[in-house]
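K.L.:
Could you have a look at this structure, given as C-alpha cells, before my questions?
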Amino acid sequence: MNLNKKSLIGPALVLVGICLLFFRREAVSAGTIFGQFWPTLFVIPVGLFFHWMYFSMTDRRATGLLIPGGILFTAGLVCQLATLFDSWQYLWPGFILAPAVGLFEFYWFGDRNKYLLIPINILTVLSLLFFAVFSLGNLYNRLIFGQPVLAIALIAIGAGVMLAPKRRL
C-alpha cells in the first residue's frame with residue numbers, strides 16, 4: 001500500500017468511526033454522513049488546500065493565500081464542532097475569529113506589517129468577549145439560576161416567610 005492510499009484510508013476510517021460513535025440510534029447513510037460532516041468534507045479541505053499551495057507550490061511567496069486558507073479552515077472547524085455537538089448558539093463567535101486567524105497567518109508569514117495587528121486584535125478580542133458572554137453566561141445561568149436551584153430557593157424563602165414569627169405593629 002503506497003502513501004497516498006494510506007493518507008486517504010486513514011482519515012476515512014476515522015471519520016466513519018466518529019460517525020458510528022455519534023449516531024448510535026440512527027441508521028448510518030450517506031445523508032447522515034453529509035449532514036454531519038459537510039465541513040470536514042468540503043470547507044476544511046479547501047482551507048488546507050490554500051495552505052498547501054502556499055507552503056508547497058509557491059515557495060512561500062504568495063502570502064495572500066493564507067488569508068482565505070485561515071478563514072476557511074477556522075470556519076470549517078467552527079461549523080464541524082457546532083454541527084456535531086449542536087452548539088451553534090455558543091460557537092458562532094468563531095466566525096468573527098476566522099478572519100483574525102487568516103489575517104494573523106498573513107501577518108506572521110508575510111512582511112509583518114504592524115498595522116495588520118489592529119484588525120487582528122479587534123476581531124480576536126470581540127470574538128473572545130462573545131465566547132465568554134454567551135458560553136460562561138449560559139453555564140452560570142444553568143448552574144446558579146437553573147430551575148432546580150431556583151425552585152429550592154423559592155421553597156426556602158416561602159418556608160422562611162411562613163415560619164417567621166409574626167410582628168405586631
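K.L.:
Does residue 132 satisfy the criteria of being of a type in the set (Gly, Ala, Ser), without any contact (Cβ under 8 Å) to a residue 40 or more places away in the chain, open to solvent by less than 80 Å² (accessible area, probe 1.4 Å) and under 25 Å from residue 15 (Cα atoms)?
P.N.:
In short, no.
K.L.:
Across the range 109-140, what is the total count of residues that are more than 21 Å from the chain's Cα centre (by Cα) and more than 29 Å from residue 56 (Cα to Cα)?
P.N.:
Looking only at that region, the number is 1.
K.L.:
Of (1) of a type in the set (Gly, Ala, Ser); (2) over 17 Å from residue 39 (Cβ atoms); (3) at pLDDT 95 or above, residue 132 satisfies all except one. Which?
P.N.:
All conditions are met except number (3).
K.L.:
Residues that are open to solvent by 50 Å² or more (accessible area, probe 1.4 Å) and within 28 Å of residue 122 (Cβ to Cβ), at least 2 per element: which helices (runs of 4 or more DSSP H) completely within the range 22-94 meet that?
P.N.:
By residue number, 44-52, 66-85, 88-91.
K.L.:
Would you call residue 146 at pLDDT below 70, of a type in the set (Gly, Ala, Ser) and either more than 24 Å from residue 99 (Cβ to Cβ) or open to solvent by 40 Å² or more (accessible area, probe 1.4 Å) (or both)?
P.N.:
Against the criterion (at pLDDT below 70, of a type in the set (Gly, Ala, Ser) and either more than 24 Å from residue 99 (Cβ to Cβ) or open to solvent by 40 Å² or more (accessible area, probe 1.4 Å) (or both)), residue 146 qualifies.
K.L.:
Which number in (1) touching a residue at least 40 places away in the same chain (Cβ under 8 Å); (2) under 23 Å from residue 80 (Cβ atoms); (3) surrounded by 15 or more Cβ atoms within 10 Å (Cβ to Cβ) marks the one condition that residue 123 misses?
P.N.:
Every listed condition holds for residue 123 apart from (1).
The values are calculated or read from the model by the stated rules, or taken from the named source; none is laboratory data. These figures come from a predicted structure and were not determined experimentally. Backbone-built Cβ (ideal geometry, glycine too); neighbour counts: all protein chains shown. When the accessible area is computed, the model is the full protein with side chains, heavy atoms only, and any ligands, DNA or RNA have been set aside. Shrake-Rupley method; radii C 1.70, N 1.55, O 1.52, S 1.80 Å.
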